[in-house]
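Here is the structure we will look at.
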Amino acid sequence: MSQDEGKRRSGDKAAEYVTDGSIVGVGTGSTVAFFIAALGRMKDRIEGAVSSSERSSALLKELGIPVLDLNAAGMLALYVDGADECDPQGRLIKGGGAALTREKIIAEASEKFVCIIDASKQVPVLGKFPVPIEVIPMARSLVARAIVRLGGQPVWRDGVVTDNGNWILDVHNWQVTDPVGLERELNQVPGVVSVGLFARRGADVVVVDGVVRGG
Ligand code: 5RP
């Protein structure tokens, strides 16, 4: 199966978790684009979506799906998003599309997080994919030095500005054996806005190539 076909099947499968009349949390990326297309086909059955990026908001609006404010929506029943890596416990690396902060907020505000991936995203240990970290621009070097002390190699994603006006450091060469501990430690560095490790709040359900893992 091609990677694209795996993404499409996962996006379609996630639509089965959407309940009538609900507001759906929507992530960002090429896999989520398939989910948004599926949502478009059932748009009359939902109230709207809370979006994690300007990119996803544009796709949702193109299909006539109302994009709602999380503050007004309250807790969501469902959040659907992709990932760059997923370990056997459903802990993730996210942020390849630089949308990690809003993604993390919506994941936290949702009762169920359904992560949709193709088989290439599955790993035994997180860290082959560089870990994205969103930083306040003036803190870039400070945070980079803290990362080096923690054994990583930070690379500034030059030219990329997040939807929140911040910058991204991609951390290479980290074998993330304790994702919860590393996420906690990084969150304490002043200037870190959010860490692309979704470990403390990982996925509740993982869909791989359209099939629910362990389901
Ligand atoms: C964006 C993300 C995406 O979910 C992640 O990069 C996967 O993207 P894709 O579905 O295009 O492979 O975290 O910030």
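Side notes on the structure shown:
- If the condition is being assigned to a loop (DSSP other than H, G, I, E, B) and more than 16 Å from the ligand (Cβ to nearest atom), then the stretch 142-164 contributes Leu150, Gly151, Gly152, Asp158, Gly159.
- So Leu150, is it free of Cβ contacts under 8 Å to residues at least 40 places away in the same chain and within 19 Å of Glu103 (Cα to Cα): no
- Within the stretch 115-127, considering residues that are under 15 Å from Gly214 (Cβ atoms) and more than 9 Å from the ligand (Cβ to nearest atom), the one surrounded by the most Cβ atoms within 10 Å (Cβ to Cβ): Gln122
- Test result for Leu182, more than 24 Å from Ala73 (Cβ to Cβ), more than 16 Å from the ligand (Cβ to nearest atom) and crowded, with 21+ Cβ neighbours inside 10 Å: yes
- Among the criteria (1) under 26 Å from Phe35 (Cβ atoms); (2) surrounded by 21 or more Cβ atoms within 10 Å (Cβ to Cβ); (3) not assigned by TED's automatic domain parsing to the domain that holds Pro88; (4) not small (Gly, Ala, Ser), the one Val207 does not fulfil is (3).
- Test: residue in the stretch 142-160 that is closer than 27 Å to Val80 by Cα, open to solvent by less than 70 Å² (accessible area, probe 1.4 Å) and touching a helix residue (DSSP H, G or I) at 6+ places or on another chain (Cβ under 8 Å): no
- Scanning the stretch 118-141 for residues that are among the β-branched types (Val, Ile, Thr) and in contact with a helix residue (DSSP H, G or I) (Cβ under 6 Å, 6 or more places away or on another chain) gives a single hit, Val135.
- For the stretch 128-141, filtered to residues that are touching a strand residue (DSSP E or B) at 6+ places or on another chain (Cβ under 6 Å) and within 16 Å of the ligand (Cβ to nearest atom), the residue that is most open to solvent (accessible area, probe 1.4 Å) is Phe129.
- Checking each residue in the stretch 183-198 for being over 14 Å from Thr101 (Cα atoms) and part of a loop (DSSP other than H, G, I, E, B) picks out Gln188, Val189, Pro190.
The values are calculated or read from the model by the stated rules, or taken from the named source; none is laboratory data. The shown structure was predicted, so the numbers you read here are calculated from the model rather than taken from an experiment. Methodologically, a virtual Cβ is constructed for each residue, glycine included, from the backbone with ideal geometry; neighbour enumeration extends over all protein chains shown. What goes into the accessible areas is simple: the full protein's heavy atoms, side chains included, and nothing from ligands, DNA or RNA. Shrake-Rupley method; radii C 1.70, N 1.55, O 1.52, S 1.80 Å.
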